4 protein chains.
Amino acid sequence: MKTAIVIGVGPEDGLGGQLCARFAKDHHVLVAGRTQEKLDAIVDSIKASGGSAEAVVADATNEAATQAMFDKAGDDLALAIYNAGNNTPGRIVDMEADYFEHSWRVCCFGGFLFGREAVRRMQGKGGTVLFTGASASLRGRANFGAFNSSKAALRTFAQAMAKEYAKDGVHVGHVVIDGPINGEKIKKGFPQYAEKLGDEGMISIDGIVDAYEYLYKQPRSAWSFEVDVRTHLENW
Amino acid sequence: MKTAIVIGVGPEDGLGGQLCARFAKDHHVLVAGRTQEKLDAIVDSIKASGGSAEAVVADATNEAATQAMFDKAGDDLALAIYNAGNNTPGRIVDMEADYFEHSWRVCCFGGFLFGREAVRRMQGKGGTVLFTGASASLRGRANFGAFNSSKAALRTFAQAMAKEYAKDGVHVGHVVIDGPINGEKIKKGFPQYAEKLGDEGMISIDGIVDAYEYLYKQPRSAWSFEVDVRTHLENW
Amino acid sequence: MKTAIVIGVGPEDGLGGQLCARFAKDHHVLVAGRTQEKLDAIVDSIKASGGSAEAVVADATNEAATQAMFDKAGDDLALAIYNAGNNTPGRIVDMEADYFEHSWRVCCFGGFLFGREAVRRMQGKGGTVLFTGASASLRGRANFGAFNSSKAALRTFAQAMAKEYAKDGVHVGHVVIDGPINGEKIKKGFPQYAEKLGDEGMISIDGIVDAYEYLYKQPRSAWSFEVDVRTHLENW
Amino acid sequence: MKTAIVIGVGPEDGLGGQLCARFAKDHHVLVAGRTQEKLDAIVDSIKASGGSAEAVVADATNEAATQAMFDKAGDDLALAIYNAGNNTPGRIVDMEADYFEHSWRVCCFGGFLFGREAVRRMQGKGGTVLFTGASASLRGRANFGAFNSSKAALRTFAQAMAKEYAKDGVHVGHVVIDGPINGEKIKKGFPQYAEKLGDEGMISIDGIVDAYEYLYKQPRSAWSFEVDVRTHLENW
């Protein structure tokens, strides 16, 4: 059985959790994130469904932890998904240097470490590396200076990587999530906002996971770099 | 059974032909193009496989023909694909006005007629409209002034349409084909070029058709506007 | 004295009129548009200031008229500005085919004829061709399907032309006007809207003309293709 | 007399040096960079021409140094230019984490510190902040993963900042330099490459400086965010 790594995993009813669940259907999944408890819940759930998974507590911005995680994945690694990184709103005049840097560390630097370790192992042999993007990846907008900058940094890095390693059999993709995700984060964190949006106004996690699976299953004679995803109610 | 229209259909081993074949698995397909004989071959082949299809000889740039085709599709229309339009290279100084206009008529004006008739029928009821794009749709390049202009016109029209009708349940998508397609057109028309590229250097039609099918099957809680497709050997 | 052509000229207090006035400082200007009376007013005004100009009544979408205009410009042609084209809002379902086509004819096809005639004469000898763009040139938006399509067609054509003729000494540029222009058209046509926007909310024509002059004066060792212009109050 | 800051200043015959020289015509200029000797040479040259300038040895990535520099600029600060950041080519598999991070620190993080300190002082009062970009800012490319990522991060940050502070009177601009600069860096560092390109194949520094001056002088009724600059021989 092939192995998949998903990093940036939080609650089971979140994008990371559902990416794990989906790929656990036919992969051994390394479920990676910062909180042991949350990872364990997902691993247990996968095992209960007859799948194979293990939890890897790892800080995505830590080089040694990233390398150890890839070493653990071993030779059967077929898919690596970088899903770490949170929105970091705020006005530039008020922004602490640490805040700006932290946004880059999680959204971009961790993605570089992850992407580099993946291509080091997949080069020649083949494999797929997918990154989670946002509409913020595409253009700057008032109040999103830090997040815009770090997500654009990740996307452009991913594009360079896609071009650099395609001939070596490594497929690099980027999923642009344009709008709020219908998952636990918004429902627990911003229940009123979630209610106002309604189910129709938030992107279905299952639909987003489809995009990752679609990219992953493409033959190398027809690879995509980017897929955008939004609800039919989104203003864009 | 739902109905699908595909316009811009030539040889069976071409993108239009294979789009018809794929969607004929679970749709009645209107196989539309300029040459009766070619359309008949595809319809026969679909019927031989137990599918349902009919040929519609139609000039995509003709308003009445486009309307008649949509009338023929009837109330069960679920999918409409605009695949007409050929590359029209040439230097601007040498370009006849008719040549420039013809490129726009086939690549863009026909797409407008097609898109308008589709949304007129799908609005409120739902449906999917997909357009064939190219890397030429995205930026201008020496020697492609006419094709660049008409494909960018189509893409930006499609994007406006996507935003205008999403709330009415119409999903509009655009597939960016980045490179030569591995089909009859190149193999018969430019055999030496095809040989030089090799199978690995031309995009698999099956892989391209997957992109259309992927877009078509998306739930409205997770729609994409654009998917790009290229081989792993493409320089981009 | 060098010659400049400006087509798409209406009232004196409009972009076309002010482009003529500015370049008349050191060029003989062909003031081209559809209405003799308006052109004459501008020519008279230029002459009253000691400049040199002549009116050319011409339909920008007519090939013979475009060629005659360039023939009239003669050998000293240094600058050619395509400023024709109006916004054409409307929903796609309601749009007549003629309306859609007319938008393309004025915004794009006329620009092709103009650009082709310009490069035919400037190739090797050098010269500058500038096109008026809009934020609509850059992306599709609900209610602007026709204008989006035809402006994107023009921009991508201009980009192809810029790349195709740079080595032959022809500088092609595109000015993206992002917002309402502070001129007669809005003040007379939509006085309430103009009042609501206020002078600060509309782009200064003088500032826009600066962009054309800046592009025109660039040495070939440092050419730009595109400049965007908006007020400090614009939401973008 | 108004004050201007230029950071990222090296040799006199470089972009930073020539930006200082140009704006010293009517500003007191803070000439900022890492090497006292180089800064002194430029300051001496400005003073010899009757201008006013002072050297500020500063690491652009250091928060305290950046703040001290802005404090030194005082209340008459009208223009702040961030010109720090070098190209950092290399394949991703071979890239040390420090190398990747350093690219971001110089190209993007320093730009954030600089931009934040500038808007903190200019907000309400007005002023202009300009950033040096590259074609690498716009898209990813094989062998430029680090530089692409950090320049895209800077550009998208600048765009967010432009939108966030325009209404407060702060004009933020970004100059996309597309190709090699005809200055001391390439002539001394890569003399054979410079010779192969020839003067016509490298962008004139004077022409680039014109772009900064053009942006700086724009009235707020007609601001640009971005100007691209290349030679007429550039392939793009």
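For the stretch A:90-120, a residue qualifies if it is in a helix (DSSP H, G or I), surrounded by fewer than 19 Cβ atoms within 10 Å (Cβ to Cβ) and among the basic types (Lys, Arg), and exactly one does: A:ARG120.
Does D:GLY189 meet the test of being among the small types (Gly, Ala, Ser), more than 14 Å from the chain's Cα centre (by Cα) and more than 10 Å from chain C (Cβ to nearest Cβ)? Answer is yes for this residue. What are the residues in the stretch B:185-233 that are buried (at least 19 other Cβ atoms within 10 Å of the Cβ) and without any contact (Cβ under 8 Å) to a residue 12 or more places away in the chain, if any? Result: B:ASP210, B:SER221, B:ALA222. Of everything listed in (1) within 14 Å of chain D (Cβ to nearest Cβ); (2) not in a helix (DSSP H, G or I), the single unmet condition for C:ALA142 is (1). Within the stretch A:66-97, being without any contact (Cβ under 8 Å) to a residue 12 or more places away in the chain and at the interface with chain D (Cβ under 10 Å from one of its Cβ atoms) holds for A:VAL93, A:ASP94, A:GLU96, A:ALA97. Residues in the stretch D:121-139 that are farther than 25 Å from D:ALA222 by Cβ and either part of a strand (DSSP E or B) or modelled with pLDDT under 95 (or both): 1 in all. Residues in the stretch C:46-59 that are surrounded by fewer than 17 Cβ atoms within 10 Å (Cβ to Cβ) and part of a helix (DSSP H, G or I): 2 in all. Does A:SER45 fit the bill of being over 17 Å from the mean Cα position of the chain (by Cα) and free of Cβ contacts under 8 Å to residues at least 40 places away in the same chain? Here the answer is yes, as A:SER45 does meet what is asked. Among the residues of the stretch C:6-37, those identified as more than 21 Å from C:PHE131 (Cβ to Cβ) and outside any loop (DSSP other than H, G, I, E, B) are C:HIS28, C:GLN36, C:GLU37.
For (1) closer than 28 Å to A:ALA160 by Cα; (2) at pLDDT 95 or above; (3) touching a Phe, Trp or Tyr at 6+ places or on another chain (Cβ under 9 Å); (4) of a type in the set (Phe, Trp, Tyr), each residue gets a yes or a no:
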{"position": "D:ALA4", "(1), (2), (3), (4)": "no, yes, yes, no"}
{"position": "D:ALA24", "(1), (2), (3), (4)": "no, yes, no, no"}
{"position": "D:ALA41", "(1), (2), (3), (4)": "no, yes, no, no"}
{"position": "D:ILE46", "(1), (2), (3), (4)": "no, yes, no, no"}
{"position": "D:ILE81", "(1), (2), (3), (4)": "yes, yes, yes, no"}
{"position": "D:GLY90", "(1), (2), (3), (4)": "yes, yes, yes, no"}
{"position": "D:TYR99", "(1), (2), (3), (4)": "yes, yes, no, yes"}
{"position": "D:SER103", "(1), (2), (3), (4)": "yes, yes, yes, no"}
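Restricting A:SER204, A:SER221 to those that are over 20 Å from A:LEU19 (Cβ atoms) and at the interface with chain B (Cβ under 7 Å from one of its Cβ atoms) reduces the list to A:SER221. Only residues that are surrounded by fewer than 20 Cβ atoms within 10 Å (Cβ to Cβ), at pLDDT 95 or above, part of a helix (DSSP H, G or I) and more than 7 Å from chain B (Cβ to nearest Cβ) were counted in the stretch A:162-184, giving 1. All of B:TYR212, B:TYR216 fail the test of being touching a His at 6+ places or on another chain (Cβ under 9 Å) and not acidic (Asp, Glu), apart from B:TYR216. Considering the conditions (1) over 30 Å from B:PHE144 (Cβ atoms); (2) buried (at least 24 other Cβ atoms within 10 Å of the Cβ), C:SER149 is excluded by exactly one of them, (1).
The values are calculated or read from the model by the stated rules, or taken from the named source; none is laboratory data. On a predicted model such as this, the values are computed, not experimentally measured, just so you know. Don't worry about glycine lacking a Cβ; one is built from the backbone with ideal geometry, like all the others, and counts go over all protein chains shown.
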